[in-house]
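Asker: Sharing a structure, written as structure tokens. Questions coming.
Read the figures in this text as sums done on the coordinates, not as results from a lab. Model, not experiment: these values are computed from the prediction. Counting neighbours? That spans all protein chains shown, and the Cβs are built from the backbone with ideal geometry, glycine included.
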Amino acid sequence: MSGEAIPVEGGANPPAPRVRGGVSAFLRLVMIEHSVFALPFAYIASLTAMYQWDRTIHWGRLLLVTVAMVGLRTFAMAANRIIDREIDARNPRTAGRELVTGAVSVKSAWTGALIAVVVFLAAAALLNPLCLALAPVAVIPMVVYPYGKRFTNFPHAILGLAQAIGPVGAWIAISGSWSWDAVILGLAVGVWIGGFDLIFGCQDVQADRAHGVKSVPARFGIPAALHGARACHAVTTALLVWYALATDAGVCFWIGLVIVAGAFLYEHTIVRPHDLSRLNRAFFSVNGFIGIALFVCALADLLVRGLTV
């Protein structure tokens with residue numbers, strides 16, 4: 001299909017097409033600012049690997065990890081928007097997205113996605129051979145996820161798997177070898193993000209059911225999805241405790257875990273089955289805070305234990 005606005009079937013009329021933009025419109029399309037959800041955990045993995053390696057921050061490698069993470073996430077978001085553009089057009093909440101209105105053409109979105117994945121692969125190649133060899137494995141779930149809602153009621157699990165790759169890849173980027181400690185952290189991140197995706201999906205229940213889009217909230221209802229999210233975040237907390245024990249974390253990291261647990265409790269008190277009015281606060285503000293708070297505490301812990309700048 002071309003990049004024209006896609007007509008909405010049986011819903012509110014779509015917004016009038018906007019004038020197509022350039023880079024800024026593409027960055028809005030991929031919500032570049034939401035990298036805050038993934039980067040803190042990649043940094044935790046990278047810095048912990050550096051601490052175990054020689055207790056020195058290697059800024060060049062950290063920059064390459066940042067480039068790789070942003071490149072892969074940008075590709076994933078662009079692919080998601082391209083693949084889901086017809087679904088987005090039928091949902092009033094997403095009918096204003098750039099590919100639906102024509103602010104960004106499909107061709108431009110694919111161009112941006114391809115540039116992003118090339119940047120990711122180049123950063124992986126500059127890091128070490130194992131990173132480059134495993135890079136295609138990281139790309140696969142990013143493409144599978146948007147299709148997941150077409151064949152399974154649990155696309156949130158695919159998203160979690162995709163996000164779990166980040167900390168594992170960041171650790172390998174530094175050490176050049178596999179680490180089960182990184183797998184624990186990756187699982188924590190994957191279960192955490194899968195859990196808040198359950199919460200986020202609650203706002204689309206009516207549209208998803210009307211158009212055959214699969215998800216836990218659409219199939220099992222909002223209360224079940226929120227219970228599932230609570231279970232996910234309890235498991236996340238347990239995995240982070242396991243990670244702290246596995247890496248001999250100090251007091252500062254444990255303080256961070258207390259903060260994270262408190263944030264989870266707050267998140268689940270402000271979103272209720274019959275009151276989703278504060279869902280965006282739970283999704284964006286609280287989860288953004290969780291990543292940043294734990295990173296700050298992890299960094300402080302590593303510095304106190306001897307990591308040098």
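Asker: Give the angle, between 0 and 90 degrees and rounded to the nearest 10, that separates the Cα long axis of helix 222-246 from the longest principal axis of the Cα atoms of the chain.
Answerer: The answer is roughly 20 degrees.
Asker: On full extension of the chain, what length is gained from Leu132 through Thr269, given 0.36 nm per residue of separation minus the C-alpha to C-alpha distance?
Answerer: Values: separation 137, 0.36 × 137 = 49.32 nm, distance 4.27 nm.
That pair, Leu132 and Thr269, stretches by 45.0 nm at full extension.
Asker: So, one more: What number, in percent, do you get for the relative contact order of segment 148-306 if the mean sequence gap of Cα pairs under 8 Å and at least 6 apart is divided by its residue count?
Answerer: Relative contact order comes out at 22 percent.
Asker: Please report the spacing between the Cα centers of segment 109-126 and segment 177-249 in Å, no decimals.
Answerer: Cα centroid to Cα centroid, the span is 27 Å.
Asker: Expected output is a single nm value to one decimal: the length gained when fully extending between Asn153 and Ala122, i.e. 0.36 nm times separation in residues minus the C-alpha distance. What is it?
Answerer: On the way: separation 31, 0.36 × 31 = 11.16 nm, distance 3.51 nm.
Extra length available between Asn153 and Ala122 comes to 7.7 nm.
Asker: Only residues of segment 243-279 count here: report those whose backbone N is under 16 Å from the spot 7 Å along Cα→Cβ of Val296, or say none.
Answerer: So the set is 252-264.
Asker: Under a GNM of the chain (C-alpha, springs under 10 Å), which listed residue has the highest mean-square fluctuation: Leu47, Leu29, Leu187?
Answerer: Largest GNM mean-square fluctuation: Leu29.
Asker: Another question, then. Please compute the length gained on full extension between Ile140 and Ala238, using 0.36 nm multiplied by the number of residues separating them and subtracting their Cα-Cα distance.
Answerer: On the way: separation 98, 0.36 × 98 = 35.28 nm, distance 2.79 nm.
Length difference between fully extended and current span is 32.5 nm.
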